[in-house]
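Shown next, in structure tokens, is the structure this report addresses.
What follows draws every value from the coordinates through simple rules; no lab data is involved. Just so we're clear, the structure is a prediction, and the values are computed from it rather than from any experiment. Using ideal geometry, Cβ is built from the backbone for each residue, glycine included, and neighbour counts are taken over all protein chains shown.
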Amino acid sequence: MTSTAPVLHFRDVGLGDVPTVGGKGASLGELLRAGIRVPTGFAVTTAAFRQAVEHLTVDGTTIPARVAGLDPADAPALAAACADLRAVVESALLPDAVAEAVTTAYAALCDECGDASLPVAVRSSATSEDSAEASFAGLQDTYLWVRGADSVLEHVRRCWASLYSVESVTYRLRRGIPETELGMAVVVQRMVGARSSGVLFTRSPLTGDRSVVAIDASWGLGSAVVSGDVTPDSFVVSKVTGEVRRTVATKTRWHRPDPSGSGVVETDVPGDLQHRPSLSDEEIAELVAIARRVEAHYGRPQDIEWAVAESAPAGENVFLLQSRPETVWAAKDAARKAAPTARPFDHVFNVLGGKRPSEG
């Protein structure tokens, strides 16, 4: 049953709470419950989203009805409609109960972490996001190094509004995902002051090989790797032997916290770091060990975002920021499975192109 609470801490949710906190929020809670090191935080629930958005209209039409009436093939009309939808959601005042709950949860998070103006990541978490069957990854917005309650509230609204980006609306229309079944939660998560970060897959993203863990890593925040702004280091690690194949890239740009204290800037990587590996052997080994635990917990290959904290001591400095099912090779595996037949011999008959051996 979907909770009506506007805010839930990560420790209070798990995979069964996707309808309430979305795919990202549910996964973070599940990782925490499994003993995986994740930055603490809370989710602004789908109940808060519906309370804030369901009464809004565009030209006298409810938002779900407006989206349902759009034609994904009519790009100009779709772009204009999405711009209107986003503007309405971004500018709408939050209901008092929702604003108070988010403000209180942020203050509690600041107390928990000992920082009165704690920097957080504000990340979308749609109910259809990060599932094994369909991935909304990258279609909604993420905001890094957000500070202060007012800024958190503003970025929560911006995350909700990103559900109506052209890319996200087009994706839903083409896949026939009903607007009435959609919800948007938002994750508010303590920022990790990352020395290094990136992504990893518990199977090769190039070949589908399940006997390896493939890690992409670079200096600074992981947004540089995810956005493609940097060519990352690559480490492919055998799950059987532990052998590591290394490709160390020249890393000229990185994403760092803005010196103003809020937001992120892209700058040049110092020359002495550009050709150095962004992970030590010990950090690679720890990432692989954690990734294997997560894969075993979920029972399927995973696509994981991670960070190595700059200030935390060794052995306590590797954090997972998200884990979602790997979808590309999972879809290929599903497509390769043979359809069941009435008789075992029919599989051979089908491979022969419909001719039985005796028919030549």
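So what is the diffusion coefficient of segment 24-174 in µm² per second by Stokes-Einstein at 37 °C and 0.692 mPa s, using a Kirkwood Rh over Cα pairs?
On the way: Rh = 16.6 Å.
My calculation gives 198 µm²/s for D.
Across every pair of different alpha-carbon atoms, what Kirkwood hydrodynamic radius in Å does the chain reach? Before the final figure, lay out the partial values.
Values: mean 1/r = 0.0454 Å⁻¹.
Evaluated on the chain, it is 22.0 Å.
Which GluC sites (Glu not before Pro) does segment 208-305 hold that lie in a coil by DSSP with at most 12 other beta carbons within 10 Å? Walk me through the intermediate numbers first.
Numbers: sites: Glu243, Glu266, Glu282, Glu283, Glu286, Glu295, Glu305; in loops: Glu243.
Those that pass, being in a loop and sparsely packed, are Glu243.
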*Among the aspartates and glutamates, which have Cα under 18 Å from the Cα of Lys332 when same-chain residues fewer than 8 positions away are ignored?*
Asp130, Glu133, Asp209, Asp303
*Relative contact order of the chain, pairs being alpha-carbon contacts under 8 Å that are 6 or more residues apart, as %*: 17 percent
*asked:* List the residues, sorted by chain then number, that are 5 or more residues from Gly183 or on another chain and whose placed amide H is less than 5 Å from its amide H.
replied: Thr127, Ser128
_Debye equation applied to the C-alpha atoms of segment 251-336, log10 I(q)/I(0) at 0.14, 0.20, 0.21, 0.26 Å⁻¹_ = -0.71, -1.08, -1.11, -1.25
*Before rounding to the nearest 500, sum -39500 (n - 2.57) across all DSSP H runs of length at least 4 in the chain and divide by the residue total; then give [θ] at 222 nm in deg cm²/dmol.*
-11000 deg cm²/dmol
_Let me check against my output: what whole-number percent is the relative contact order of segment 194-335, with C-alpha pairs under 8 Å and at least 6 apart?_
25 percent
*Overall Cα dimensions of segment 18-107, principal axis frame, Å, largest first*: 47, 32, 17
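How large is Rg over Rh for segment 194-335, taking Rg from the Cα atoms and Rh as the Kirkwood inverse mean of 1/r across Cα pairs? Don't skip to the end; give the middle numbers.
Values: Rg = 15.1 Å, Rh = 15.5 Å.
Ratio of gyration radius to Kirkwood radius: 0.98.
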